[in-house]
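K.L.:
Below: one structure in structure tokens.
The values are calculated or read from the model by the stated rules, or taken from the named source; none is laboratory data. Just so you know, these numbers come straight off a predicted model, no measurement behind them. Here the Cβ positions follow ideal geometry from the backbone for every residue, glycine too, while neighbour counts run over all protein chains shown.
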Amino acid sequence: MKRVAIVFLLALVAVGAYAWVQQSVQGDAVTDLRTIGAGGAVWGLYVVGDGFFASAALASLALACAMGLPRSRELESAARMALPLGIAGLLAALGCVLADLGRPMAAMVNLPLFGRPRSPFFGTFTLVAGASLFASVVHLALSSRPGWAERAQTAWPRSCRFLACGWQQTRSATRRREIVDSWLSLALLPLFLGGLVVLGIVFGVRAGRPAWQGGFEVVTFVVSGGAAGCSLLALAMRASKRASVFLARALAVLTGLTVVLVVSGEILALRTPYPSVQGYARALLDGPWSNLFWAELVLFFLAAIISLATSWRKTASVIWAATTAMLVCTAVFIERFLVLVAWQTHGLGLPWPAGTYHPTLNEWSVLAGVAAAALLVFLLLDKVCPAGTAVVSDPAGPAPAGRRLRSLLAAACLIVGLALSGAGLVLSAGLASAPFLDPILPGSPLVFLAGLFLMVLAAIAYELIPDGKAPGQDTASPDLPRE
């Protein structure tokens, strides 16, 4: 059954790749993307997929950091599952962005060179696609070292020993693993939440909308993204024959809050004195987008009822978890679609003619291929990276003397990284660089991103540099067998 599913996913990836090649050859004529103001939309299904995958991924990563802090065995198991889920989601979001760009190679060159903080792509490029993806990979790799060391004793000794990076089952190594895991989770939690808020601003703050509505849309975006990430994580846990009461109750709260926010936002939009906002709200209630809006509301309501009913049970079947995840993710995807597309087809609040947007089969094929590739990445990471063995419960061996070099190198990475990120942000902002606000130095966004990377590398330096040898301690490691 698993082989059939993998073959099916590979077939979807092949179909998506073929559709993407057709779009690259024939241009956007194979899509239904048109011009704003002439009854069309320039941001369509690909950007909607980007908003869905990125928000669910960042919510999963934020949950991983939050659940790693209490040092609970149940929560740590869910946190380890959330890391590969978040990495796969960020890669899917990146694939959607590349599919949306008419010239992806030119964008990949020009954005790192001339990106400005005022552009919405600066935050998504640096915080979401750059720092969040790199930090989550580092977090997953470091937390998997003890498991790889255990695997080196039974299977793939060379490769697993290489991935374990010298892990030794000693009191000092375990203590460093606990410290790095706690501090890394605490430091990355604001990064992932900040990236989620940046995405909410990109999707929620639009021209022609009053400020209060943009802020309301940002809150709705963040909460609904949390519901999507929580539902997918709960489904992954149940598929691996594990469960988390915390996830079930968090999902019930998030879905219920999303229902309240969606209904409240529509009521406030109808009562606002702005005609453009009222026209947008009526287009959702009884206009061309009414079917999608009511379907979204019903799906959110059903998901809230089911998640609330199953939240107080310690175990729930895979079928109920899959049903809840399907309802939540479909509703969140529709919510992203309406927020992004419906506002474009109705003139961005300006006196322009209204229009429609219907994604073509080519667009759906590309999106299905991206989603299938993300699922394959998640399955691969979940299989390769051992879960549940990040902390050794009964470490052996004496506690060696401390090593000052480790602390100094980690502190240097933090200080230099903070300086680089600050300098890169100032240079990217283009202060005193004429009216166009171009970056003072080409490549300034890369300087900002390099600073963020260097601060994350402090965790690697602190954990991988071993302690000094204790008096009388043998130099050989008792844990990993010699060949």
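K.L.:
Taking V253 and the conditions (1) within 27 Å of P359 (Cα to Cα); (2) surrounded by 16 or more Cβ atoms within 10 Å (Cβ to Cβ); (3) free of Cβ contacts under 8 Å to residues at least 24 places away in the same chain, which numbered condition does it fall short on, given that it satisfies the others?
P.N.:
Here V253 clears every test but (1).
K.L.:
Could you say whether any residue in segment 177-190 is touching a Ser or Thr at 6+ places or on another chain (Cβ under 6 Å) and either closer than 30 Å to S119 by Cβ or hydrophobic (A, V, I, L, M, F, W, C) (or both)?
P.N.:
No: zero hits.
K.L.:
Every residue in segment 288-304 that is more than 11 Å from L338 (Cα to Cα) and crowded, with 16+ Cβ neighbours inside 10 Å, please.
P.N.:
L297, L299, F300, F301, L302, A303, A304, listed by residue number.
K.L.:
Taking segment 361-382 on its own, how many of its residues are more than 13 Å from L98 (Cβ to Cβ) and either outside any helix (DSSP H, G or I) or not aromatic (F, W, Y) (or both)?
P.N.:
The qualifying residues number 15.
K.L.:
Still on this structure, please answer the following. Given the options S55, S119, name the one that is of a type outside the set (A, V, I, L, M, F, W, C) and closer than 17 Å to A250 by Cβ.
P.N.:
S55
K.L.:
Out of the residues in segment 350-384 meeting the condition of being of a type in the set (G, A, S) and at pLDDT 90 or above, tell me which one is nearest to V4 (Cα to Cα).
P.N.:
Ranking the candidates gives A372 first.
K.L.:
Right, next: Restricting attention to segment 138-161, which residues are without any contact (Cβ under 8 Å) to a residue 60 or more places away in the chain and outside any helix (DSSP H, G or I)?
P.N.:
Of everything in segment 138-161, those that are without any contact (Cβ under 8 Å) to a residue 60 or more places away in the chain and outside any helix (DSSP H, G or I) turn out to be T154, A155, W156.
K.L.:
Is segment 336-349 home to any residue that is at pLDDT 85 or above, buried (at least 21 other Cβ atoms within 10 Å of the Cβ) and within 26 Å of R80 (Cα to Cα)?
P.N.:
Among the residues of segment 336-349, not one is at pLDDT 85 or above, buried (at least 21 other Cβ atoms within 10 Å of the Cβ) and within 26 Å of R80 (Cα to Cα), which makes the answer no.
K.L.:
Check segment 201-214 and report whether any residue there is among the charged types (D, E, K, R) and not in a helix (DSSP H, G or I).
P.N.:
Within segment 201-214, one or more residues are among the charged types (D, E, K, R) and not in a helix (DSSP H, G or I).
K.L.:
Another one. Is at least one residue of segment 192-201 among the aromatic types (F, W, Y), at pLDDT 90 or above and under 27 Å from K383 (Cβ atoms)?
P.N.:
Scanning segment 192-201, I find at least one residue that is among the aromatic types (F, W, Y), at pLDDT 90 or above and under 27 Å from K383 (Cβ atoms), so the answer is yes.
K.L.:
Hey, among S244, S231, S182, which residue is surrounded by fewer than 18 Cβ atoms within 10 Å (Cβ to Cβ), of a type in the set (S, T, N, Q) and touching a residue at least 24 places away in the same chain (Cβ under 8 Å)?
P.N.:
S182
K.L.:
Let me ask another. When you check F134 against the structure, is it of a type outside the set (A, V, I, L, M), touching a residue at least 24 places away in the same chain (Cβ under 8 Å) and more than 19 Å from V202 (Cβ to Cβ), yes or no?
P.N.:
yes
K.L.:
Considering segment 182-195 alone, what residues qualify as being within 15 Å of S224 (Cα to Cα) and in contact with a Gly (Cβ under 6 Å, 6 or more places away or on another chain)?
P.N.:
none
K.L.:
Which is more than 20 Å from the chain's Cα centre (by Cα) and among the small types (G, A, S), of S244, S231, S224?
P.N.:
The conditions single out S244.
K.L.:
So if I check each of A401, A387, A396, A434, which one is outside any helix (DSSP H, G or I), modelled with pLDDT under 90 and crowded, with 17+ Cβ neighbours inside 10 Å?
P.N.:
Answer to the check: A387.
K.L.:
When the residues of segment 259-277 are filtered to those that are part of a helix (DSSP H, G or I) and either modelled with pLDDT under 80 or in contact with a Pro (Cβ under 7 Å, 6 or more places away or on another chain) (or both), which remaining residue is surrounded by the most Cβ atoms within 10 Å (Cβ to Cβ)?
P.N.:
V277
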